[in-house]
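What follows is a set of notes on a single structure, which appears directly below.
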Amino acid sequence: MIKRRIYSPGPVEVSPDTALEMARPILHHRTGEFEAIIAEVVEGLKFVFQTRGDVLLFASSGTGAMEGAVTNLLNPGDKALCVVGGKFGQRWSQLVSRFGALPVNIDVPWGKAVNPDDVARALEADPVIKAVYIQACETSTGVAHPVRDVARIVRGHENTVLVVDAISAVGVMNLPADDWGLDVVVGGSQKAWQLPPGLAFASVSPKAWKLVDQCVQPRFYFDWKTEKKSIGKNTTAYTPAVSLIMGLRKVLADIREEGLESLFSRAALYARMFRAAMEALGLGLFAPDSPSDSITAVCSPEGMDARKVVRHLSEKYHITIAAGQDQIKETVFRVSHMGYLDGLDMITAVAAVEITLKDLGWNVELGAGVKKAQEILTNA
Ligand SMILES: *Cc1c(COP(=O)(O)O)cnc(C)c1O
């Protein structure tokens, strides 16, 4: 019997209580009983997205909600500003151009956060830009972009909306949609929601609905107006992922019980423990200036292929983490602080990295990272 542990930046560990909820007998979705569940879940989502606006849910991976955030907002020929600082920023730009709109990219070096002044300048230079697309956490690099500052800029442009891919952020990081003016916030179940893959979320502000009303882009499954009508009647337009939604109800109840402040500060604590532990081992962080709380990208020791670290952790210790992608796949490994985990789980991850590096021949002082993580946990 092998005990497996998952610290990948999606999918993440699911709690046994949530798993049990999802094992309950299937409810039919066109029943009063399930409508009550949808009503409860939508209220819970609004609580976490911190909005009085609409939150829609979809049976898809996170990218489905990203696609909807393009096909419901942009007409062919519209211009959209895309912050491109990693794989997922690239995805925004690809989606925008695939649907015939025109991406204006702000290219940010991988591992760095966007400078909000660059967004301000781009919007002033090109006032017809309809939307700004950004990540709250660029999962491929571990960077947290300054979403709040960018939102302040976009709010000053009456005809421009801000769309935040928060698939690895909403649920772990504080992103108050209404307070900050985040017009669309996209989330996904297998990252920050401690659930299996298969659900995507999008909050939509009144400012964004204006664009939706003007949008003639062909769309069907991800038609937000159709979903808004359905959600108003506590249902979804098409068959919802019933079991995942039962799990979501449990997660949302747990979040309400814990409170948002505690939820966010726990993720921040785990990230702080992990970063400090890696530095205590002499490892560099890939995004030291603007690290996210949901995932940490660590530079592999000089000359040690990060994919080898990932493989060894998996094969010898049955721990799943992720390597970097594209040009950083050999130099960076990534460990998540999302999902059903606690401080001791984080210490386990640190310990596993230590012994793996030692197994692979790096001169590491066993316990140096663990000690640092313990100190931070005990002082928290
Ligand atoms: C994982 C991720 C995505 C893609 O989500 P899928 O569920 O794989 O479609 C998009 N953006 C970010 C920031 C992510 O972390």
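Every condition in (1) within 16 Å of the ligand (Cβ to nearest atom); (2) of a type outside the set (S, T, N, Q); (3) in contact with a Ser or Thr (Cβ under 9 Å, 6 or more places away or on another chain) holds for Val147 except the one numbered (3). Check the stretch 45-68 and report whether any residue there is open to solvent by 10 Å² or more (accessible area, probe 1.4 Å), of a type outside the set (S, T, N, Q), within 12 Å of the ligand (Cβ to nearest atom) and under 21 Å from Val114 (Cα atoms). No, the stretch 45-68 has no match at all.
For the stretch 317-327, the criterion of being touching a helix residue (DSSP H, G or I) at 6+ places or on another chain (Cβ under 9 Å), closer than 25 Å to Pro146 by Cβ and open to solvent by 40 Å² or more (accessible area, probe 1.4 Å) is met by at least one residue. Against the list (1) farther than 17 Å from Ala144 by Cβ; (2) surrounded by 20 or more Cβ atoms within 10 Å (Cβ to Cβ), the condition Glu258 fails is (2).
Are any of the residues in the stretch 156-178 among the polar types (S, T, N, Q), over 24 Å from Pro9 (Cα atoms), part of a loop (DSSP other than H, G, I, E, B) and under 21 Å from the mean Cα position of the chain (by Cα)? No, the stretch 156-178 contains no residue that is among the polar types (S, T, N, Q), over 24 Å from Pro9 (Cα atoms), part of a loop (DSSP other than H, G, I, E, B) and under 21 Å from the mean Cα position of the chain (by Cα).
Looking at (1) touching a His at 6+ places or on another chain (Cβ under 9 Å); (2) at positive phi, which one does Pro127 not meet, given that it meets all the others? Of the numbered conditions (1) touching a His at 6+ places or on another chain (Cβ under 9 Å); (2) at positive phi, the odd one out for Pro127 is (2).
Taking the residues in the stretch 197-217 that are assigned to a loop (DSSP other than H, G, I, E, B) and within 10 Å of the ligand (Cβ to nearest atom) as candidates, determine which candidate is least open to solvent (accessible area, probe 1.4 Å).
Just the residues of the stretch 197-217 that are assigned to a loop (DSSP other than H, G, I, E, B), to begin with: 197-198, 205, 215-217.
Next, from what is left, pick out any that are within 10 Å of the ligand (Cβ to nearest atom): 197-198.
Values: Pro197: 71, Gly198: 22 Å².
It comes out as Gly198.
Any idea how many residues of the stretch 332-370 are hydroxyl-bearing (Ser, Thr, Tyr) and either modelled with pLDDT under 95 or open to solvent by 70 Å² or more (accessible area, probe 1.4 Å) (or both)?
Let us first name the residues in the stretch 332-370 that are hydroxyl-bearing (Ser, Thr, Tyr), namely 336, 340, 348, 356.
Subset that is either modelled with pLDDT under 95 or open to solvent by 70 Å² or more (accessible area, probe 1.4 Å) (or both): 340.
Going through the stretch 332-370 one residue at a time, the tally reaches 1.
Scanning the stretch 153-196 for residues that are crowded, with 24+ Cβ neighbours inside 10 Å and away from the ligand (no atom under 14 Å from the Cβ) gives Val154, Val161, Leu162, Ala177, Leu182, Asp183, Gln194. Annotation note: Cβ proximity below 6 Å between a residue of the stretch 167-185 that is without any contact (Cβ under 8 Å) to a residue 40 or more places away in the chain and over 12 Å from Ala208 (Cα atoms) and a residue that is away from the ligand (no atom under 12 Å from the Cβ) and not in a strand (DSSP E or B) (sequence gap 6+ or interchain) occurs for Trp180/Arg148; Trp180/Ala151. Restricting the stretch 253-311 to residues that are of a type in the set (S, T, N, Q) and under 16 Å from Ala322 (Cβ atoms), the residue that is nearest to the chain's Cα centre (by Cα) is Ser294.
Yes or no, residue by residue, for (1) open to solvent by 10 Å² or more (accessible area, probe 1.4 Å); (2) of a type in the set (D, E, K, R); (3) touching a Cys at 6+ places or on another chain (Cβ under 6 Å):
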site: Arg4; (1), (2), (3): yes, yes, no
site: Arg24; (1), (2), (3): yes, yes, no
site: Gly32; (1), (2), (3): yes, no, no
site: Glu35; (1), (2), (3): yes, yes, no
site: Ile38; (1), (2), (3): no, no, no
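Taking (1) away from the ligand (no atom under 16 Å from the Cβ); (2) in contact with a Phe, Trp or Tyr (Cβ under 7 Å, 6 or more places away or on another chain); (3) within 20 Å of Ala144 (Cα to Cα) in turn, Thr296 satisfies each apart from (1). Taking residues in the stretch 186-206 that are at positive phi and touching a residue at least 12 places away in the same chain (Cβ under 8 Å), and partners anywhere that are open to solvent by 20 Å² or more (accessible area, probe 1.4 Å) and more than 10 Å from the ligand (Cβ to nearest atom), the pairs with Cβ atoms closer than 8 Å and at least 6 places apart or on different chains are Gln194/Glu13; Gln194/Val14; Gln194/Tyr340; Gly198/Ala59; Gly198/Ala241; Gly198/Leu244. Being more than 14 Å from the ligand (Cβ to nearest atom) and surrounded by 22 or more Cβ atoms within 10 Å (Cβ to Cβ) is true of Ala80. Do we find a residue being within 30 Å of Thr235 (Cα to Cα), within 15 Å of the ligand (Cβ to nearest atom) and touching a residue at least 60 places away in the same chain (Cβ under 8 Å) anywhere in the stretch 118-134? The answer is yes, given that some residue of the stretch 118-134 is within 30 Å of Thr235 (Cα to Cα), within 15 Å of the ligand (Cβ to nearest atom) and touching a residue at least 60 places away in the same chain (Cβ under 8 Å).
Picking from Val350, Val370, which residue would you name as being within 11 Å of Leu281 (Cβ to Cβ) and either assigned to a loop (DSSP other than H, G, I, E, B) or touching a Gly at 6+ places or on another chain (Cβ under 8 Å) (or both)? Steps first, answer last, please.
Numbers: Val370 fails: either assigned to a loop (DSSP other than H, G, I, E, B) or touching a Gly at 6+ places or on another chain (Cβ under 8 Å) (or both).
Checking each option against the conditions leaves just Val350.
The values are calculated or read from the model by the stated rules, or taken from the named source; none is laboratory data. All figures in this text were calculated on a predicted structure; none of them were measured in a lab. With ideal geometry, Cβ positions are generated from the backbone for all residues, glycine too; neighbour counts draw on all protein chains shown. With ligands, DNA and RNA removed, areas are computed over all heavy atoms of the protein, side chains included. Shrake-Rupley method; radii C 1.70, N 1.55, O 1.52, S 1.80 Å.
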